[in-house]
Amino acid sequence: MKNRIKRTYSRHRETIHNFGWRALQTFGKQIVTFSILALSAKLLTPYDFGVYNYVLTIIFLLIIFGDFGISTATSKYVAEYNATDKKKLELILFNSSVILVVLATAISLLTVVFGKYVLEDKYAYVLYVLPMLFFAPISSLYDGIFRGLKRFKDLAIISLSVGFSSLLFVYILIGKYGLAGALVSQSLFYVILTIVLFSSYGNLHVRFDGKIMRTLLNYSLVIGVSSIAYFLYSRVDILVLGHYGYVEEIGYYELINKGFELMFLPFALLAQVIAPDITACFARKDYSGVRAKLSSFMKIIIPSSILIAIMFYFMFPLVIREFLTEYYVEEMLIAIFILSFLIPAKIWGVFQTQSFIVATGFARIVAVTTMIGGILNIFLDIVAINLVGFTGVFWVTLIIHSMNIIFQTVYYKREIGEVK
């Protein structure tokens with residue numbers, strides 16, 4: 001048995017190490033993100049914390065248009081060119097960066113010119129984070145390049161070093177400058193991360209290549225549309241709350257959301273481990289095996305997620321009461337109550353999507369349902385918030401996300417059941 005484990009480890013050593021470093025980076029990133037959010041919540045007033053999350057949501061929407069899938073597409077072609085064409089590999093960083101800078105410049109100019117009419121009193125705050133339009137996509141670009149080259153160890157060390165050291169200047173800037181300091185610290189984080197990644201990678205060959213640019217743009221188009229759909233499905237709620245003046249409630253929404261992300265992470269990582277086996281099973285045309293594994297995991301994941309939801313409902317308010325007393329109010333408790341019901345569906349959705357639906361080539365199910373769900377989400381948010389106030393947004397989130405994941409499960413089981 002011991003020798004078998006050693007042989008297995010020896011065969012998969014690189015994959016195991018890469019997964020370990022990627023898992024470390026992912027967990028570390030979530031911890032840093034949650035720590036920054038908690039620091040901001042602790043040091044800002046609930047209203048300013050709501051504004052902070054509202055402005056960040058605006059800038060992340062703009063980043064979707066400024067990136068539009070380029071950084072993700074680059075990751076794919078880095079891995080491909082690294083195996084097939086080293087000359088193109090040398091040029092991909094410069095050409096993808098040019099596209100990102102052009103897109104970010106265009107979005108920045110539109111924001112500066114028209115932002116004051118659309119954003120009104122939040123316009124000045126958006127200017128504090130405008131540098132993120134350039135540096136967030138470029139840091140994601142480097143992330144994709146490092147992943148494509150399998151430099152997971154370097155990427156983890158850099159990301160965690162910059163992330164944990166950033167907590168110091170986040171604390172100082174918020175303590176001294178309040179909301180403005182919190183927003184500036186976000187821009188500063190991405191500037192530092194980009195500089196460190198650039199210094200570590202180094203290889204920048206300055207030469208335009210129209211063919212590489214077209215290849216990246218064609219592939220990124222689908223990713224960009226999917227990113228917009230996902231934003232409408234998951235993040236547009238914050239914009240709706242802000243538009244109707246429920247600024248403090250944005251803070252409640254975001255704190256709960258970050259708590260969710262920490263809970264989902266182990267299941268996402270498990271899905272990444274399971275996915276290659278499911279893909280191999282499907283490739284061997286062992287469709288009954290795929291169906292059996294799906295049923296087996298449902299029997300494990302769903303009961304586990306129900307237990308986690310119950311624990312979250314009772315424990316998260318205690319954490320808020322202990323560490324963020326200002327947020328221990330009726331509105332927060334109502335939000336926790338509503339969204340706790342969503343946890344089982346969300347955990348199953350995260351696991352199912354990565355380990356089964358995408359792994360077996362049925363990603364179109366997720367793309368189509370997410371787009372439909374996103375459109376319904378924004379429409380129903382507006383209707384519900386006018387009918388019952390801020391809780392309407394939380395109820396809509398519960399209903400739309402639960403129904404979407406149930407539909408994905410039923411439709412996928414039907415599709416996989418019909419495969420011969």
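The values are calculated or read from the model by the stated rules, or taken from the named source; none is laboratory data. Note that the structure is a prediction, hence the values are computed from the model and not measured. Cβ atoms come from the backbone with ideal geometry, glycine included; neighbour counts cover every protein chain shown. We work out accessible area using only protein heavy atoms, side chains counted, and drop any ligands, DNA or RNA first. Shrake-Rupley method; radii C 1.70, N 1.55, O 1.52, S 1.80 Å.
Numbers for the structure displayed
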| item | result |
| --- | --- |
| Residue selected from the stretch 369-395 under the condition free of Cβ contacts under 8 Å to residues at least 60 places away in the same chain and aliphatic (A, V, I, L, M), by the criterion least open to solvent (accessible area, probe 1.4 Å) | 384 |
| Filter pass, residue 138 being β-branched (Val, Ile, Thr), surrounded by fewer than 20 Cβ atoms within 10 Å (Cβ to Cβ) and either in contact with a helix residue (DSSP H, G or I) (Cβ under 8 Å, 6 or more places away or on another chain) or over 19 Å from residue 23 (Cβ atoms) (or both) | no |
| Test for residue 338: is it of a type in the set (A, V, I, L, M), touching a residue at least 24 places away in the same chain (Cβ under 8 Å), part of a helix (DSSP H, G or I) and open to solvent by 30 Å² or more (accessible area, probe 1.4 Å) | no |
| Residue match in the stretch 343-358 (condition: hydroxyl-bearing (Ser, Thr, Tyr), open to solvent by less than 50 Å² (accessible area, probe 1.4 Å) and in contact with a Leu (Cβ under 7 Å, 6 or more places away or on another chain)) | no |
| Residue 323 vs. criteria surrounded by fewer than 13 Cβ atoms within 10 Å (Cβ to Cβ) and within 19 Å of residue 50 (Cα to Cα) | yes |
| Any pair with Cβ under 6 angstrom, 6 or more apart, that starts in the stretch 166-185 at a residue that is farther than 15 Å from residue 35 by Cβ and ends at one that is modelled with pLDDT of 90 or more and among the acidic types (Asp, Glu) | 179/48 |
| Any chance residue 73 is over 19 Å from residue 250 (Cα atoms) and at pLDDT 85 or above | no |
| Residues satisfying the stated conditions in the stretch 104-125, i.e. surrounded by fewer than 23 Cβ atoms within 10 Å (Cβ to Cβ) and in contact with a helix residue (DSSP H, G or I) (Cβ under 7 Å, 6 or more places away or on another chain) | 107, 108, 111, 115, 116, 119, 122, 123, 125 |
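Residue-by-condition table, conditions (1) over 30 Å from residue 225 (Cβ atoms); (2) at pLDDT 90 or above:
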{"site": "302", "(1), (2)": "yes, yes"}
{"site": "325", "(1), (2)": "yes, no"}
{"site": "345", "(1), (2)": "no, yes"}
{"site": "369", "(1), (2)": "no, no"}
{"site": "384", "(1), (2)": "no, yes"}
